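Where a number appears in this text, it was derived from the coordinates with a stated rule and is not lab data. Note that the structure is predicted; figures quoted are calculated from it, not measured. Using ideal geometry, Cβ is built from the backbone for each residue, glycine included, and neighbour counts are taken over all protein chains shown.
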Amino acid sequence: MIDVPTGLFTVGVFQDVAWAQKGLDALKQAGFVAESLSILAKDGDAAKLIEKILGSPGARIESAGVGTIVGRGPLLEVLQGDSGDLAKIGIAGAMRRVGFQPHDGRIFDTLVGRGGVLVAIRSEPRAADALAILHSYGGGNASIGAWTGRV
């Protein structure tokens, strides 16, 4: 196993942009800074949400299994990897890089493919706070990556 400095991510998937907006507003109100937030979704209204919350447009990227996604934030950088292979392995395969088991990755991949908005918070000391907020505002399958730094 190779140790890599990825940090701990707390991830949840909202059913749509409206629910994601509520969850992201709550995270920001709780003191989570925009630099710690990541948003990934199929293109559409999510692009406007990314620009509103994170201050600049998201990147359009191909992801195996989902197709074109729009995203921004530290999670996207880790998922892309050094070789930019998200197009080959998809969200399902890349989530291992941030400590999620393969079955978790497949769930996130499926939910995003169905139009869900994946929100991730990089904040190891406050991971439990982030998880509670995601659950409170409808972030489905919210969980904390357990095996940080291992691939």
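I'm checking a number: the convex hull volume of the Cα atoms of the chain, normalised per residue, in Å³. What is it?
Spread over its residues, the Cα hull of the chain gives 92 Å³ apiece.
Just to confirm the filter: which trypsin sites (Lys or Arg not before Pro) across the range 54-129 are DSSP coil and have at most 15 other Cβ within 10 angstrom of their Cβ?
Passing sites in the range 54-129 are 114.
Karplus couplings for the range 25-42 from phi (6.51 cos²θ - 1.76 cosθ + 1.60, θ = phi - 60°), rounded to Hz, Gly and Pro as x?
For the range 25-42, the Karplus-derived couplings read 4, 5, 4, 5, 5, 7, x, 6, 7, 4, 5, 8, 9, 10, 9, 10, 6, 5 Hz, x marking Gly and Pro.
Along the charge dipole of the chain, pointing to its positive end and built from +1/-1 on Cβ of Lys, Arg, Asp and Glu, which listed residue (140, 11, 39) has its Cα farthest out?
It is 140.
To the nearest 20 debye, what charge dipole does the range 9-144 have about its Cα centre, counting +1 at the Cβ of each Lys and Arg and -1 at the Cβ of each Asp and Glu?
Here the range 9-144 has a charge dipole of around 120 debye.
In whole Hz, what ³J(HN,Hα) sequence does the range 81-86 give by Karplus (6.51, -1.76, 1.60; θ = phi - 60°), x for Gly and Pro?
Those phi angles translate into x, 5, 9, x, 8, 4 Hz.
Which number gives the lysine pairs in the chain that have C-alpha atoms under 22 Å apart and are eight or more places apart or on different chains? Intermediate results must be reported in sequence, preceding the final value.
Working: 22/42; 22/48; 22/52; 28/48; 28/52; 42/52; 42/88.
Pairs that pass both the separation and distance tests number 7.
If you take the charge dipole of the chain about its Cα centre, with +1 on Lys and Arg Cβ and -1 on Asp and Glu Cβ, which of 125, 110, 78 is farthest toward its positive end?
Selected residue: 110.
Summing -39500 (n - 2.57) over the DSSP H runs of n ≥ 4 in the chain and dividing by its residue number, what mean residue ellipticity at 222 nm do you reach, to the nearest 500 deg cm²/dmol? Mind dumping the intermediate values first?
Working: 6 runs with 61 residues, N = 151.
Dividing the helical sum by the residues of the chain leaves -12000 deg cm²/dmol.
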